[in-house]
Ligand SMILES: CC(C)(COP(=O)(O)OP(=O)(O)OC[C@H]1O[C@@H](n2cnc3c(N)ncnc32)[C@H](O)[C@@H]1OP(=O)(O)O)[C@@H](O)C(=O)NCCC(=O)NCCS
């Protein structure tokens with residue numbers, strides 16, 4: 001069927017003149033394949049296929065129907081080649097003989113390039129975005145047009161630098177499309193000079209701006225040719241160009257401080273670019289106000305010199321994708337967001353404490369950074385196998401395990417499991433910088449690794465110290481280090497499990513009928529996390545005390561130890577909420593028969609197995625299973641919940657612990673959110689307890705209006 | 001599978017009993033399936049893709065007819081995947097005037113039953129995160145959202161990998177057909 005269509009269309013396309021532009025070479029000639037195809041078609045009946053053994057689904061999916069515009073990326077849209085497009089005047093140089101028009105068009109090209117770059121950053125191929133610019137594809141042609149040339153060159157150099165950052169941070173397929181540069185002229189000679197070129201052009205234009213300002217105040221003019229011929233527009237054009245050029249500049253030097261200054265100036269240039277829109281639109285006669293929001297240039301005009309179809313063949317064998325370039329305004333918003341994210345990264349204190357670092361990364365991810373800023377973060381965190389390229393990983397581990405400073409030089413770091421543990425930590429940091437979807441999958445997988453390393457370390461520890469404790473000083477230190485690290489590894493493992501479950505909410509993987517089991521599992525993981533965190537703190541106090549042997553146990557000291565540490569209380573607040581939600585959801589299911597989802601092919605047990613498979617496989621936590629979930633929830637009733645209200649506990653703890661975090665705004669904000677969830681749920685629970693079972697018109701639903709993963713019950717009468 | 005969006009069309013009056021469900025019956029059904037899928041799903045499939053499915057697993061593909069007109073179809077496969085024998089729903093479409101009357105549910109249910117009887121341990125598919133209708137439909141059949149696939153459709157939209165796990169019983173594994181490169185991540 002379609003096979004015939006292929007041969008017909010192929011023969012229709014056989015007109016010679018166009019083909020001339022793809023010349024035969026020494027070893028090839030052009031031949032008409034129509035008779036061959038016809039013969040082949042006659043030999044086959046419908047549905048038959050000649051294929052090799054390796055013709056599988058992937059091959060079938062990648063097969064193309066030639067000349068089907070939905071599939072054939074080789075199909076010629078307008079021009080066979082860049083050269084043909086240029087011969088047809090698609091990308092003239094100068095762009096116009098009228099110098100005013102030429103400047104206008106140059107600005108349009110700059111704007112559209114920016115929009116293309118943003119589209120590339122947000123998930124399209126470089127070939128179909130930035131490199132749809134014919135001037136960029138043939139950069140040497142632009143040499144006579146200093147303004148265009150320097151801008152194109154610096155754009156290309158920027159793309160190259162960004163590709164290199166993202167490929168260095170490469171962890172998964174999200175980056176593949178981004179870094180795909182096959183067949184593109186990304187590596188030009190002389191790009192290292194692009195900044196000095198840009199500076200020269202910028203200097204010229206700022207002199208032109210000064211001259212025209214001076215001229216307008218009737219002072220004598222210097223012998224400098226104006227930018228273009230219309231004196232009324234000179235100032236506006238100079239300004240519009242200057243901010244565009246300055247946005248592309250880069251200062252000499254290194255360091256986060258300088259980077260922040262640079263970021264600040266880029267942001268202010270972007271704002272000037274945004275402000276130039278009014279002037280540019282007023283000079284362009286053809287713009288229509290209503291759809292300006294969708295335009296890819298400030299002026300609202302179509303840019304000259306772009307053709308995305310020229311490169312679409314480079315993306316073969318995948319079908320051609322329709323690319324929607326971001327609008328100019330969206331592109332600027334994108335770059336503003338990128339710059340703010342980069343600023344957050346640069347202002348980070350490079351805290352050697354792993355716990356604060358993890359907290360920072362998790363906070364950063366909440367602002368939903370895009371690939372480019374996440375790649376930068378990852379490169380900052382992990383360099384040359386060291387944290388920030390500065391702290392050896394064993395130092396990071398000893399600090400995280402609350403060991404005394406001296407431990408970091410201990411020989412134990414050569415132990416193979418300790419070395420492996422170091423790699424797990426590095427790997428974890430990289431994973432935490434990836435997008436939430438990928439991150440969750442990877443976190444689920446590495447849980448197993450963390451579990452295994454714990455078991456191996458514990459075994460090594462027992463082999464070494466199994467016999468009665470030795471008295472040698474060094475052995476004591478070794479033992480201490482092992483103990484601390486073991487506790488911390490467990491704590492860290494539960495932290496990963498916690499984050500894994502959390503991300504399920506962010507990614508909307510749970511449906512309302514599954515909330516009950518999810519909160520129950522969350523509760524089980526949180527209990528363990530709190531327990532290990534508490535233990536770690538206790539062990540470290542213990543160690544500290546033994547070190548300072550002389551100091552008497554002051555009453556104050558003792559009081560401090562018996563008190564539950566604020567971080568643990570913080571976790572307890574989570575625990576109460578998770579338990580409260582579990583029980584409320586269970587009671588709703590048991591008593592009002594809502595939020596159940598009977599399905600024809602399986603039961604709740606299969607859903608439990610699927611959702612928690614990775615945790616179960618790594619025994620996180622031990623002895624947790626579907627039967628234990630059932631056991632702890634089947635008896636949930638509102639009558640008992642009314643007497644013991646977990647949300648009240650959560651509220652109380654949140655209030656109490658606030659004062660301990662008075663200089664930690666993130667945690668304070670989180671506590672406030674938890675308090676709100678607790679308060680609302682407490683009220684809802686009371687209401688349901690009083691009316692619920694009796695009142696069939698009561699509708700209960702769950703929303704994430706106060707917290708991203710602790711739901712708030714909403715009670716309505718229908 | 002990515003659905004393309006079009007405006008809602010006029011509903012058709014019909015009785016549930018008037019809909020006839022048939023298993024894939026040969027080459028004459030192929031243009032009907034292709035026509036429906038081309039209309040409703042935006043990803044282009046070559047004829048090889050369709051034939052790959054319906055030739056290897058004709059028993060898993062179904063069509064729904066109303067008074068001789070094809071109004072819905074489901075296309076599937078099954079095979080070994082990382083030590084499990086799993087079914088995969090590749091395409092599901094019901095034309096607009098016939099939606100909301102349980103036709104898709106019936107089509108998928110037939111395929112899933114066949115998969116279960118053939119010894120599959122689970123069934124998977126991908127659906128766009130914004131495809132509320134499909135997500136609700138599969139949710140009611142017991143599928144969970146196992147993973148989110150970032151920018152799965154290259155137009156920037158994410159997908160969910162949906163999974164249905166059958167309860168464990170003695171599993172009879174038949175010889176597997178074909179390869180399984182499509183549904184691996
Ligand atoms: C998805 C699709 C196949 C559903 O076909 P359908 O015949 O209308 O589905 P059903 O009538 O069997 O629906 C069964 C259940 O699914 C849910 N559902 C279906 N469409 C829905 C919609 N638009 N919104 C909310 N829920 C919907 C409902 O829970 C419905 O049960 P109910 O009617 O008792 O409430 C159809 O809309 C379609 O062809 N869409 C375009 C292609 C597509 O998206 N395919 C799926 C790719 S994964």
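Remarks
- Checking each residue in the stretch B:138-155 for being more than 9 Å from every other protein chain (Cβ to nearest Cβ) and surrounded by fewer than 18 Cβ atoms within 10 Å (Cβ to Cβ) picks out only B:153.
- Residue check for residue B:161: within 10 Å of chain A (Cβ to nearest Cβ), out of contact with any helix residue (DSSP H, G or I) (no Cβ under 7 Å at 6 or more places or on another chain) and more than 15 Å from the ligand (Cβ to nearest atom): no
- For the stretch A:152-178, a tally of residues being closer than 26 Å to residue A:139 by Cα, away from every other protein chain (no Cβ under 14 Å) and at pLDDT below 90 returns 0.
- Only listed residue being in contact with a helix residue (DSSP H, G or I) (Cβ under 8 Å, 6 or more places away or on another chain), in a helix (DSSP H, G or I) and under 30 Å from residue A:439 (Cα atoms), chosen from A:166, A:154: A:166
- Any hit, the stretch A:249-272, residues being touching a residue at least 60 places away in the same chain (Cβ under 8 Å), part of a loop (DSSP other than H, G, I, E, B) and loosely packed, with under 15 Cβ neighbours inside 10 Å: no
- Every listed requirement among (1) assigned to a loop (DSSP other than H, G, I, E, B); (2) away from the ligand (no atom under 12 Å from the Cβ); (3) surrounded by fewer than 16 Cβ atoms within 10 Å (Cβ to Cβ) is met by residue B:11 save one, (2).
- Meeting the requirement of 3 or more residues that are buried (at least 17 other Cβ atoms within 10 Å of the Cβ), the helices (runs of 4 or more DSSP H) wholly within the stretch A:602-718 are A:604-617, A:626-633, A:646-658, A:665-691.
- Every pair of residues 6+ apart whose Cβ atoms lie under 8 Å, when the first sits in the stretch A:591-608 and is within 7 Å of another protein chain (Cβ to nearest Cβ) and without any contact (Cβ under 8 Å) to a residue 24 or more places away in the chain while the second is surrounded by 15 or more Cβ atoms within 10 Å (Cβ to Cβ) and part of a helix (DSSP H, G or I): A:600/B:109; A:601/B:112; A:601/B:116
- Of the helices (runs of 4 or more DSSP H) lying entirely inside the stretch A:23-89, not one contains at least 1 residues that are at pLDDT 90 or above and either closer than 30 Å to residue B:57 by Cβ or within 14 Å of another protein chain (Cβ to nearest Cβ) (or both).
- Taken over the stretch B:125-141, the residue count meeting the criterion of being near the ligand (Cβ under 6 Å from one of its atoms) and not in a strand (DSSP E or B) is 7.
- Residue among A:206, A:220 that alone is at pLDDT 85 or above and either part of a helix (DSSP H, G or I) or not assigned by the TED database to the domain that holds residue A:374 (or both): A:206
- Qualifying positions in the stretch B:102-124 - touching a residue at least 12 places away in the same chain (Cβ under 8 Å) and closer than 13 Å to residue B:21 by Cβ: B:102, B:103, B:104, B:105, B:106, B:107, B:108, B:109, B:110, B:111, B:114
- Where strands (runs of 3 or more DSSP E) sit wholly within the stretch B:18-119, those with at least 2 residues that are more than 10 Å from chain A (Cβ to nearest Cβ) and near the ligand (Cβ under 10 Å from one of its atoms) occupy B:69-81, B:84-94.
- Verdict on residue A:449 being closer than 20 Å to residue A:614 by Cβ and away from chain B (no Cβ under 14 Å): yes
- Of all residues making up the stretch B:29-88, the number that are closer than 21 Å to residue B:153 by Cα, touching a residue at least 40 places away in the same chain (Cβ under 8 Å) and surrounded by fewer than 20 Cβ atoms within 10 Å (Cβ to Cβ): 4
- With respect to the stated conditions, residue A:402 is assigned to a loop (DSSP other than H, G, I, E, B) and either more than 14 Å from every other protein chain (Cβ to nearest Cβ) or at negative phi (or both).
- Selected residue (criterion: farthest from residue A:446 (Cα to Cα)) from residues of the stretch A:613-634 that are without any contact (Cβ under 8 Å) to a residue 12 or more places away in the chain and over 30 Å from the mean Cα position of the chain (by Cα): A:631
- Cβ-Cβ contacts under 7 Å between residues 6 or more apart (or on different chains), taken from a first residue in the stretch A:65-76 that is within 10 Å of residue B:46 (Cα to Cα) to a second residue that is at pLDDT 70 or above and not in a loop (DSSP other than H, G, I, E, B), are listed as A:65/B:47.
- The set of residues in the stretch A:574-597 being closer than 15 Å to residue A:637 by Cα and surrounded by 24 or more Cβ atoms within 10 Å (Cβ to Cβ) consists of A:580, A:581, A:582, A:583, A:584, A:585, A:586, A:587.
The values are calculated or read from the model by the stated rules, or taken from the named source; none is laboratory data. Bear in mind that the values here come from a model prediction, so they are computed numbers and not experimental data. In this analysis, Cβ positions are derived from the backbone assuming ideal geometry, glycine residues included, and neighbour counts consider all displayed protein chains.
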